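Derivation of every value follows stated rules applied to the coordinates shown; laboratory data play no part. Only a predicted model underlies this, so the values are computations on that prediction, with no experimental measurement involved. Every residue, glycine among them, receives a Cβ derived from its backbone with ideal geometry; neighbour counts consider all protein chains shown.
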Amino acid sequence: MKPTSTPVKFKITYGYPKDGRWDPKRFVLGIAANQHDVPLFLQTISGNESDKETIRTIIQALTGNLKLSDKVYHIANSAFYTEENLSTLGTRTFWMTRVPVTIAQAKAVSQASVGLQTLFRSPIRRCRVSVDLC
């Protein structure tokens, strides 16, 4: 990957507070890491940028800079799940995410009484693989 010749500008500014505090100014570090938590890509982002757009640009920059022969799966938060992101990245991008509960079907499922059965514990402490028993 070639270093950029001009610095990328970003603003430390007021942005959406996930912690509920509107008073501090913010900036974001967009990080992409491999399955071993080794950072592969880092991008500084203005504090008022939309997650929905920055996730797409990070995936595009990462895939443009890395040439891998294996399939690469991008795991992102629910902000990734937009029509524009899915159509822009196309069918050759493999991804995993959670559908946001702002979508009617996801909201209905989240409010339903659905039983889940754990199939096995993942070697990653905070993960579990489950199946829907509906």
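Things to note:
- Prolate/oblate/rounded call for the stretch 27-102, Cα gyration tensor, a/c under 1.5 rounded: oblate
- Members of Lys9/Lys52; Lys25/Lys52; Lys11/Lys67; Lys25/Lys67; Lys11/Lys52; Lys9/Lys67 lying beyond 29 Å, as alpha-carbon distances in this model show: Lys11/Lys67; Lys25/Lys67
- The string of couplings for the stretch 96-105 from the Karplus curve (6.51, -1.76, 1.60, θ = phi - 60°) is 9, 7, 9, 6, x, 6, 6, 8, 3, 5 Hz, one whole number per residue in order, with x for Gly and Pro.
- Cleavage-rule hits (trypsin sites (Lys or Arg not before Pro)) in the stretch 11-57: DSSP loop, at most 13 neighbouring Cβ within 10 angstrom: Lys18, Arg21, Lys25
- Put a plus charge on the Cβ of each Lys and Arg, a minus charge on the Cβ of each Asp and Glu, and nothing anywhere else: the dipole of the stretch 27-102 about its Cα centre is then about 220 debye.
- Taking the DSSP beta bridges with both ends in the stretch 27-102, the antiparallel portion is around 70 percent.
- Point-to-point label distance, Ser87-Ile103, nm (Cα→Cβ direction, 7 Å offset): 1.5
- Full extension of the chain segment joining Met96 with Ser69 gains 7.8 nm, where the gain is 0.36 nm per residue of separation less the Cα-Cα distance.
- Contact order, relative form, for the stretch 27-102: 25 percent (alpha carbon pairs under 8 Å, 6 or more residues apart, mean separation divided by residue count).
- Our coupling estimate for the stretch 55-72, obtained by passing each phi through the Karplus curve with A = 6.51, B = -1.76, C = 1.60 and θ = phi - 60°, is 4, 4, 5, 5, 4, 5, 5, 5, 5, x, 9, 9, 10, 10, 7, 7, 5, 10 Hz, Gly and Pro reported as x.
- Selection of chymotrypsin sites (Phe, Trp or Tyr not before Pro), the stretch 12-116, meeting DSSP coil and at most 11 other Cβ within 10 Å: Trp22
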